[in-house]
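To start, the structure under review is shown below, and the notes come after it.
Taken together, the values in this text are just the output of simple stated rules run on the coordinates, not laboratory data. If you're wondering where the values come from, they're calculated on a predicted model, not measured in any experiment. Cβ: placed from backbone, ideal geometry, glycine included. Neighbour counts: every protein chain shown.
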Amino acid sequence: MSAGAALTDAPAPETAAAERHGGTAPRVTGPRGPGPARRLLGLVGGLVGGLVGGVLRRTAAVLALLALWEAAPRLGFVDRIFLPPFSEVAVAWWELLADGQLLDDARASLVRSATGFGLAVLVAVPLGLLIGWYRPVAELLGPLLEVFRNTAALALLPVFVLLLGIGETSKVSIVLYACTWPVLLNTISAVRTVDPTLLKLARSVNLPPWRLFQRVILPASVPAVFTGIRLAGAVAILVLVAAEMVGAKAGLGFLINNSQFNFAIPQMYAGILTVSLIGVAFNQLLVALERRFTSWRTSG
Amino acid sequence: MTTKPIPKIRFERVGMTFPVRAPRGARARISSGARDPARSPAGAGFTALEDIELDIADGEFTVLVGPSGCGKSTLLDLLGGLALPTSGRVLLDGEPVTGPGRDRGTVFQQYALLPWRTARGNVEFGLEAAGVPRRERAERAGEFLSLVGLDGFGDRHPHELSGGMRQRVAIARSLAYDPDVLLMDEPFGALDAQTRESLQDELLRVWQRTRKTVVFITHSIDEAVLLGQRVAVLTSRPGRVKEVVPIALGDGRADIRAGGGRADNDLAGGGRSGDVPSGDDRTGGGRGGVEDPRSTPEFARHRHRIWELLHDEVSRAQELEREAVAL
Ligand SMILES: Nc1ncnc2c1ncn2[C@@H]1O[C@H](COP(=O)(O)OP(=O)(O)OP(=O)(O)O)[C@@H](O)[C@H]1O
Ligand SMILES: [Mg+2]
């Protein structure tokens, strides 16, 4: 939301400048009339209008939700003890940020999820390429992978705690575990569903296996691999927050759980908000990365 | 053309039967391309080609025509070494084909462009495999892109090109690495009449200059007669060679050749390269008195002959389809 505000604020000085410019223009270009200046003004105005309109359109639903959140407790539709108005949550969020607690918790969570997520990508992408490439291996491991994927990672949380304790290791491990499956399975299927005509082409020019892999299989798999990575990004945060609710001394999951425990309800919502903000930001980051790697799909 | 000691390409009683696993699944798969053959009992496999006998001389331009699903692409795959025949042998220079090689260049029916590469990158693909150094690669890619009329489109990705442009990129790619044998599967299928004609000319010119052996698949009878020295008509499923029609466009061709300023070559050649946009728009025919080869009685005769041969097969293929649906 701060980004949205910045975007709406930003054009204002530009408009002012354009107006000033427009004001002097007719005198300077007197004989030719105000045409160009006015056109410039119109252009800038249109641009600003478009920008504001675009931002509005994209954030309208979010703003509406926040408005509802603000209004509902105040109007007594919901118990404001359990759902304080958004403004109170925002204040609590600000206070948590100011005293550094929020940053500590966010950092703890980010380090854990990034570690687990990063390790998962590092392990699962090459493994998936390998498994997908060797058809018999894929066929052999397929059913096993299905079982793992369909076993909810959170159901295994107690097992992880039993085996690895309640420290960092078990938390990073469960994130690693949960992130591995989407990446692995998407990578395998990416390799296995490479357009057969491209394989035919590669064979027709006698491309050796390694080159075939490097020049055809790998680039052809990138989009599907990224889909898996984005799924894993969402999973990383989801699983971590849950893990942090079970025996942790820091982290956003801990913050949320602990606040609820101490009946610090606005703080609890502040934690939840932070989780969703991080989730959105992380996803945006991955989308941007994906766009970079698959630029050939959208533009030259 | 008259004596062929060792044919460049020889099909010796070549048969191709695709394995069919579960009859139901197979039927579903087959029906997407062409319908279930009435003659192939379920489980016994799907016979796409049977007893293909065909010799192609070095430097010859052969055109394959036949109803959809009769096995033309399969035949080309066998020649390209992308599949091995289930019976008989395919010989290239007297040696059985055991796998793909860069002595053969293929234009695939589905273009097979790498979507993450630009047009230029796609043309360079075959050159990379051939180990051509980078500088020369770029140079040759540019040259062949301009040959197919894609100057200035080198940096576009396939999704930014029209269907016909993609097809031309695929053609440029196969020409660029200079294979002995060109295997072209409906390479001009997606082109407008004008572009098609200019590329037909270009192909003939390349062919004349380099004496490549060309095997060319088309659904257009006109194109077959225009390009081919010989046109092999295949039967509907399973594909066999029904008849090989030699194309001799007759004495009229001499004038055409002279008109086109090309005094070379046997049968197939030069005059057709001098061919300007034809059909209804022959106003430009004044170019050295160039005549549209399609207007000659010889052309019409060949055209009709092939049409007759095909007509029977196409209606038989449709009958087979109907039977398969009724089953
Ligand atoms: N891999 C495969 N497995 C099973 N059947 C196949 C396979 N490839 C081709 N066929 C079948 O073999 C027959 C010949 O196919 P092919 O692609 O060679 O036809 P075609 O003559 O090129 O047709 P078109 O003119 O439509 O391109 C078809 O009936 C097709 O269904
Ligand atoms: Mg075909």
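From Cα pairs below 8 angstrom and at least 6 apart in sequence, can you work out the relative contact order of chain A, rounded to a whole percent? About 19 percent, as a whole number. Give the order of B:ILE306, B:ILE52 when sorted by the count of other beta carbons within 10 angstrom, beginning with the fewest. Placing the least packed residue first, the sequence is B:ILE306, B:ILE52.
Given the options A:VAL194, A:VAL239, A:VAL225, identify the residue whose Cα lies farthest towards the positive end of the charge dipole of segment A:112-249 (+1 on Cβ of Lys, Arg; -1 on Cβ of Asp, Glu). Positive-end residue among those listed: A:VAL194.
Taking 0.692 mPa s as the viscosity and 37 °C as the temperature, the Stokes-Einstein diffusion coefficient of segment A:112-249 based on its alpha-carbon Kirkwood radius rounds to 207 µm²/s.
Here A:TYR269, A:TYR134 are placed in order of increasing Cβ neighbour count within 10 Å, fewest first, which gives A:TYR134, A:TYR269.
Which aspartates and glutamates, on any chain, are close to A:LYS249 with Cα under 15 Å apart, when same-chain ones fewer than 8 places away are left out? Once the sequence-local aspartates and glutamates are set aside, what remains near A:LYS249 is A:ASP104, A:ASP105, A:GLU168. May I ask for the distance between the Cα centers of segment A:104-153 and segment B:105-156, given as a whole number of Å? For segment A:104-153 versus segment B:105-156, the Cα centre distance is 37 Å.
Taking a straight line from the alpha carbon of B:LYS72, these lysines sit under 28 Å away, with near neighbours fewer than eight places off in the same chain left out: A:LYS200, B:LYS4, B:LYS8, B:LYS212, B:LYS242.
So which helices of chain A fit the span-like rule, where a helix is a whole DSSP H run, its Cα atoms reach 20 Å or more along the axis, and its mean Kyte-Doolittle is at least 0.0? Qualifying helices, which must be both long enough and hydrophobic enough, are A:35-74, A:101-133, A:135-150, A:168-192, A:218-245, A:265-293. Efficiency by 1/(1 + (r/R0)^6): what FRET value for A:LEU47 and B:ALA130, r their Cβ-Cβ distance, R0 = 51 Å, to the nearest 0.05? Efficiency, from the Cβ-Cβ distance: 0.50.
Each label point was placed 7 Å from the Cα along the Cα-to-Cβ direction; for A:TYR134 and A:ARG291 their separation is 3.9 nm. Judged by the gyration tensor of its Cα atoms, with axes a ≥ b ≥ c, chain A is oblate; a/c meets the 1.5 cut and b/c is at least as large as a/b. Here the residues A:LYS249, B:LYS212, ranked from fewest to most Cβ neighbours within 10 Å of their Cβ, fall in the order A:LYS249, B:LYS212.
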